[in-house]
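The values are calculated or read from the model by the stated rules, or taken from the named source; none is laboratory data. These figures come from a predicted structure and were not determined experimentally. With ideal geometry, Cβ positions are generated from the backbone for all residues, glycine too; neighbour counts draw on all protein chains shown.
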Amino acid sequence: AQSVTQLGSHVSVSEGALVLLRCNYSSSVPPYLFWYVQYPNQGLQLLLKYTSAATLVKGINGFEAEFKKSETSFHLTKPSAHMSDAAEYFCAVSDQGFQKLVFGTGTRLLVSP
Amino acid sequence: EAGVAQSPRYKIIEKRQSVAFWCNPISGHATLYWYQQILGQGPKLLIQFQNNGVVDDSQLPKDRFSAERLKGVDSTLKIQPAKLEDSAVYLCASTTVGRADSPLHFGNGTRLTVT
């Protein structure tokens with residue numbers, strides 16, 4: 001069965017610092033991978049997705065993620081954190097044959113001035 | 001385009017009562033999902049529809065949960081009777097059919113509190 005593991009339920013950074021949110025996947029076939037962001041009292045919004053076209057994927061709000069098959073990882077990064085980036089971030093995996101997302105447990109990003 | 005609409009936003013009920021949630025997906029989206037998000041956890045799929053047919057309901061607690069999507073558009077999710085552990089945010093999402101890499105579009109959810 002597919003799954004994703006997000007290391008760290010909370011990550012704290014200072015404004016302007018590098019953001020690194022970790023995600024490792026488990027899938028028996030090449031997966032589709034997604035990062036979603038959830039702001040308080042809102043639904044999930046797509047940040048970016050990997051669909052095998054390119055290993056480095058750029059998303060909205062300056063975020064990017066790199067697919068590393070050898071490490072089964074899809075970590076999310078942003079060079080410089082902004083206060084508005086404070087939110088919950090979810091990694092998700094989808095099998096190529098199905099339109100069904102399996103989500104990780106989420107990482108809450110805290111940004112301090 | 002209009003997003004996924006859900007109502008109500010909040011609902012508080014006592015255990016053993018019943019409750020229903022409503023979802024209107026993005027126009028033209030054939031696939032609709034209901035996810036349950038318990039505080040501190042990631043969303044968990046309850047049921048997936050394609051048009052008005054059920055694709056996957058393997059994680060739906062069928063003794064108390066039911067869902068329907070009449071005419072392949074709007075959907076309702078019902079809980080009867082509710083338990084304390086049903087307290088969660090219920091998210092509806094939709095997407096176009098046929099592509100596994102199509103992103104899901106989520107509504108703002110219904111926050112259910114069972115007391």
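Which residue, of B:108, B:52, B:24, is out of contact with any Ser or Thr (no Cβ under 6 Å at 6 or more places or on another chain), over 25 Å from residue A:46 (Cβ atoms) and polar (S, T, N, Q)? Residue meeting the stated conditions: B:52.
Considered as a group, the residues in the range B:23-54 that are touching a strand residue (DSSP E or B) at 6+ places or on another chain (Cβ under 6 Å) and surrounded by fewer than 16 Cβ atoms within 10 Å (Cβ to Cβ) include one that is nearest to the other protein chains (Cβ to nearest Cβ), and that residue is B:44.
Yes/no matrix, rows are residues, columns are (1) modelled with pLDDT under 95; (2) part of a loop (DSSP other than H, G, I, E, B); (3) more than 22 Å from residue A:102 (Cβ to Cβ):
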position: A:29; (1), (2), (3): yes, yes, no
position: A:36; (1), (2), (3): no, no, no
position: A:54; (1), (2), (3): yes, yes, yes
position: A:71; (1), (2), (3): yes, yes, no
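The rows are residues; the columns are (1) loosely packed, with under 13 Cβ neighbours inside 10 Å; (2) more than 14 Å from residue A:19 (Cα to Cα).
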position: A:62; (1), (2): no, no
position: A:66; (1), (2): no, no
position: A:70; (1), (2): yes, yes
position: A:76; (1), (2): no, no
position: A:79; (1), (2): yes, no
position: A:84; (1), (2): yes, no
position: A:89; (1), (2): no, no
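Residue A:78: at pLDDT below 95 and farther than 29 Å from residue B:32 by Cα, yes or no? So residue A:78 does not fit the description; no. Say we look at the range B:1-22 and pick out the residues that are of a type in the set (A, V, I, L, M) and buried (at least 19 other Cβ atoms within 10 Å of the Cβ); which of these is farthest from the other protein chains (Cβ to nearest Cβ)? Selected residue: B:19. Scanning the range B:80-101 for residues that are of a type in the set (Gly, Ala, Ser), free of Cβ contacts under 8 Å to residues at least 60 places away in the same chain and within 14 Å of another protein chain (Cβ to nearest Cβ) yields B:88, B:98, B:100.
Here residue A:40 fulfils each of the conditions (1) over 23 Å from residue B:101 (Cα atoms); (2) touching a strand residue (DSSP E or B) at 6+ places or on another chain (Cβ under 7 Å) apart from (2).
Candidates in the range B:102-115 are the residues that are in contact with a Lys or Arg (Cβ under 9 Å, 6 or more places away or on another chain) and in a strand (DSSP E or B); of these, the one that is nearest to the other protein chains (Cβ to nearest Cβ) is B:111. Looking at A:104, A:43, just one residue is out of contact with any Cys (no Cβ under 7 Å at 6 or more places or on another chain) and at the interface with chain B (Cβ under 10 Å from one of its Cβ atoms), and that residue is A:43. With the condition kept exactly as written, say whether any residue in the range A:78-93 is under 25 Å from residue B:109 (Cβ atoms), outside any strand (DSSP E or B), away from chain B (no Cβ under 14 Å) and among the aliphatic types (A, V, I, L, M). Among the residues of the range A:78-93, at least one is under 25 Å from residue B:109 (Cβ atoms), outside any strand (DSSP E or B), away from chain B (no Cβ under 14 Å) and among the aliphatic types (A, V, I, L, M), which makes the answer yes.
Within the range B:56-79, at least one residue is modelled with pLDDT under 95, assigned to a strand (DSSP E or B) and within 14 Å of another protein chain (Cβ to nearest Cβ).
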